[in-house]
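Notes follow the structure.
The numbers here are math on the coordinates, done by the rules we state, and not lab data. Source: prediction; values computed, not measured. As a convention, Cβ positions derive from the backbone with ideal geometry for all residues, glycine included, and neighbour counts pool all protein chains shown.
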Amino acid sequence: MIANKYLLLISFLVCSYGIVAYAQDEGEEERVYDYAGENHQCIKCHGHKTFHYYNENLDREFRDRMNPYFIIDSVEYYSSNHWNFSCFDCHSYDYSNFPHPAELRLEPKPGCLDCHGGDDTYEDRSWERIDEEFQKSVHSTKHSEDFTCSMCHNPHSYKINARTNDNIKQTIQYDNGICLSCHADINKYQLIVDFVNPNVLETHAWLPNQALHWQNVRCIECHAEIKEDMLIAHNIQPKEKAVKRCVECHSENSILLASLYKYQVKENRNKLGFFNAAILNNSYIIGANRNYYLNLISLVIFGMVVIVIGIHATIRFIRK
Amino acid sequence: MSEEKLYLYPLWLRIWHWTNAFLFLVLIFTGLSLQYAGIESTLIRFDIAVSLHNIAGIILTISFVFFVFANRFTSNSNYYRIKRKGFIKRLLKQFRYYTYGVFIHEPTPFPVSQKRKFNPLQKLSYVMVMYLMMPVIIITGFALLFPEVNLENVFGIAGIYLTDLLHIVTGFVLSVFMIVHIYFCTFGKTVWSNFKSMFTGWH
């Protein structure tokens with residue numbers, strides 16, 4: 001009898017899980033990859049470390065190594081923002097010929113604004129404003145035109161994180177990974193400069209709890225100019241202008257609320273009285289997270305203690 | 001009441017006491033400065049306050065461990081032993097003295113002697129402070145010093161925040177204790193006599 005009860009309970013739990021799992025699956029829109037077939041022409045070689053081709057002159061099949069910089073991770077590509085693009089949307093159709101015609105190497109690559117500029121669909125993202133801010137940044141002013149959007153936002157893998165991912169720690173890791181892809185990798189860094197990249201561990205040696213900070217804030221929090229009308233700051237500042245005062249983040253008016261927690265912040269203080277409560281779900285920042293009611297209660301208790309001591313001392317003095 | 005002088009505060013205890021008092025003040029001021037840090041004005045610059053708070057906290061821990069061992073291996077621990085039988089009654093008696101008797105010049109119900117340094121209210125508060133609150137504030141303090149040891153998330157709230165909340169609330173109670181403690185030290189033969197005793201050792 002007891003065994004039956006347990007069996008019933010387990011069946012109920014399994015069914016419940018099934019319903020919840022089904023409901024979750026239902027919530028996710030199934031993607032139809034319109035260009036997967038067409039793109040396979042490219043991915044069959046560029047999706048692997050090696051590729052095969054038939055050499056008509058020698059009348060035999062060859063296997064060769066793919067240039068590692070030209071390998072496209074198909075899983076990353078099909079989960080990126082550009083998942084439903086044909087390779088030929090951005091690259092010449094002439095690439096469908098093999099060997100690829102040599103002159104294609106000189107073909108100018110499209111920039112983000114070539115597609116996104118003046119695009120009403122993405123008006124809220126204000127690509128032109130982003131470009132304006134980027135043009136002011138050290139990335140643009142200190143480097144040649146070789147520094148394009150794709151230096152940071154790889155069009156084959158980039159995906160929006162801050163607005164779509166509830167897990168802030170993942171967003172931080174992803175976004176910092178973009179900065180480190182150059183600043184911690186000399187090969188990519190020297191695509192646009194001749195000198196060796198400074199060691200970020202050494203340049204940030206002054207930062208207390210370095211690892212903790214890097215796990216909990218993005219590089220752009222301190223290195224980019226934050227503007228209210230910008231969804232994501234793109235004006236990377238010279239190092240002299242980087243935030244170095246602890247209280248810029250560690251205070252009630254923490255700058256993180258206008259940047260990292262921009263999408264989580266609904267109001268400064270929520271109904272339980274926590275200032276900057278949005279931060280509390282993921283982290284805790286000394287100085288930025290206070291509780292209105294606890295502050296009030298502590299002040300009342302402290303005031304009462306002082307008043308009671310004052311009254312007690314006065315009566316003692318009078319009755320002396 | 002005996003008029004003869006009692007040697008109640010040995011040198012180690014006096015050194016520990018004043019070290020503790022100084023560290024308490026440093027920790028309270030730096031702690032407040034961190035908790036209420038502002039962009040416009042801050043009591044002590046944030047990074048300096050962090051360093052001072054950390055250093056003072058570590059020294060306080062060493063001082064606390066020293067106290068626990070010294071208390072354990074000297075007769076000083078006898079003063080902290082609470083006899084349960086009739087303790088509530090004794091507490092009320094002392095409470096009545098502080099709230100009424102002292103104003104009509106009644107003699108203190110539990111006069112200081114070689115065997116009894118603390119009255120029941122002092123005994124209870126000192127035991128609570130030294131053996132409950134100090135361990136809590138030290139453990140939570142170290143958990144904040146090494147944040148990776150905290151649970152990442154507890155029922156949707158960052159674990160480190162709960163640790164900090166406990167640290168701050170305990171710190172607040174200890175700060176209030178310090179103020180009340182200083183006031184009750186004025187209950188000696190003269191207002192200053194108890195303060196002097198903690199310098200000379202003689203009550």
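At a glance:
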| quantity | calculated |
| --- | --- |
| For B:36-49, mean number of other protein chain Cβ atoms within 10 Å | 5 |
| Per-residue mean of C-beta atoms belonging to partner chains within 10 Å, peptide B:93-105 | 1 |
| Burial ranking of peptide ranges A:53-61, A:303-311 (average Cβ count within 10 Å, highest at the top) | A:303-311, A:53-61 |
| Gyration tensor (alpha-carbon) shape descriptor, the protein assembly as shown, a/c threshold 1.5 | prolate |
| Point-to-point label distance, A:S79-A:I307, nm (Cα→Cβ direction, 7 Å offset) | 6.0 nm |
| Within 10 Å of each Cβ in A:299-305, the average number of Cβ atoms from other chains | 2 |
| Ranked packing of A:176-184, B:132-140, most packed first, by mean Cβ within 10 Å | B:132-140, A:176-184 |
| Sequence-distant aspartates and glutamates (8 or more away, or on other chains) whose Cα lies within less than 13 Å of A:K320 | B:E106 |
| Unsatisfied cross-links (Cα-Cα over 19 Å) in the set B:K83/B:K115; B:K5/B:K89; A:K169/A:K241; A:K109/A:K136; B:K83/B:K123 | B:K5/B:K89; A:K169/A:K241; A:K109/A:K136 |
| Per DSSP, loop trypsin sites (Lys or Arg not before Pro) in region B:63-123 with at most 16 further Cβ within 10 Å | B:R81, B:K83, B:R84, B:K85, B:K115, B:R116 |
